[in-house]
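Peer 1: Have a look at the structure that comes next, please.
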Amino acid sequence: MNYLSHAKLKATETDPVILAICSDCLLFLANGDLPPENTEEQDRQYLDRLAKHSKGFFNISPTCSGDPSFSWTPCETCGSRLGGDRHDANALIETIEGAD
Ligand SMILES: [Zn+2]
């Protein structure tokens, strides 16, 4: 790897990905809203799960495009295993420097 391409790689340090996220995460990541029917304890548990499962991702932004699709696949930002709609969200991955 020559100096120029190495400098370019370091300048980016990110790889965009598309995540499949649940409706709760869509609402929270787009508007900062939590489900109104949640108790404080449920809110806290949700935020803990979100912090744990979305570790390594940043700038997570729902694309709000296309139709959501039903899935049993765990939500990729909070890890919820409840079946339900999954929405697309763009995210950047924190890369580890010097991994190559
Ligand atoms: Zn979720």
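Any read-out appearing in this document is the output of simple, stated calculations on the displayed coordinates, not a laboratory observation. Note that this is a predicted model, so its numbers are computed, not measured. Counting neighbours? That spans all protein chains shown, and the Cβs are built from the backbone with ideal geometry, glycine included.
Peer 1: Within the range 20-32, count every residue that is in a loop (DSSP other than H, G, I, E, B) and either surrounded by 12 or more Cβ atoms within 10 Å (Cβ to Cβ) or within 13 Å of the ligand (Cβ to nearest atom) (or both). Explain how you work it out, then say what you get.
Peer 2: Step one: of the range 20-32, the residues in a loop (DSSP other than H, G, I, E, B) are 22, 32.
Adding the requirement that they be either surrounded by 12 or more Cβ atoms within 10 Å (Cβ to Cβ) or within 13 Å of the ligand (Cβ to nearest atom) (or both) leaves 22.
Within the range 20-32, residues that are in a loop (DSSP other than H, G, I, E, B) and either surrounded by 12 or more Cβ atoms within 10 Å (Cβ to Cβ) or within 13 Å of the ligand (Cβ to nearest atom) (or both) number 1.
Peer 1: Here's something else I'd like to know. Name the pairs: first residue in the range 56-83 and small (G, A, S), second residue within 13 Å of the ligand (Cβ to nearest atom) and assigned to a loop (DSSP other than H, G, I, E, B), Cβ to Cβ under 6 Å, at least 6 apart or on different chains?
Peer 2: That search, which allows pairs on different chains as well, returns S80/C22.
Peer 1: Still on this structure: Can you find, within the range 41-75, the residue that is surrounded by the fewest Cβ atoms within 10 Å (Cβ to Cβ) among those that are among the small types (G, A, S) and within 14 Å of the ligand (Cβ to nearest atom)?
Peer 2: First, the residues of the range 41-75 that are among the small types (G, A, S): 51, 54, 56, 61, 65-66, 69, 71.
Filter once more, keeping what is within 14 Å of the ligand (Cβ to nearest atom): 51, 54, 71.
Numbers: A51: 11, S54: 21, S71: 13.
So the residue we want is A51.
Peer 1: Would you check if there is a residue in the range 76-92 being away from the ligand (no atom under 13 Å from the Cβ) and part of a loop (DSSP other than H, G, I, E, B)?
Peer 2: Checked against the condition, which is being away from the ligand (no atom under 13 Å from the Cβ) and part of a loop (DSSP other than H, G, I, E, B), the range 76-92 yields no hits at all.
Peer 1: Regarding the range 44-59, can at least one residue be identified that is among the polar types (S, T, N, Q) and in contact with a Lys or Arg (Cβ under 7 Å, 6 or more places away or on another chain)?
Peer 2: Initially, the range 44-59 is screened for residues among the polar types (S, T, N, Q), giving 45, 54, 59.
Next, only the ones that are in contact with a Lys or Arg (Cβ under 7 Å, 6 or more places away or on another chain) stay: none.
So far as the range 44-59 goes, no, none of its residues is among the polar types (S, T, N, Q) and in contact with a Lys or Arg (Cβ under 7 Å, 6 or more places away or on another chain).
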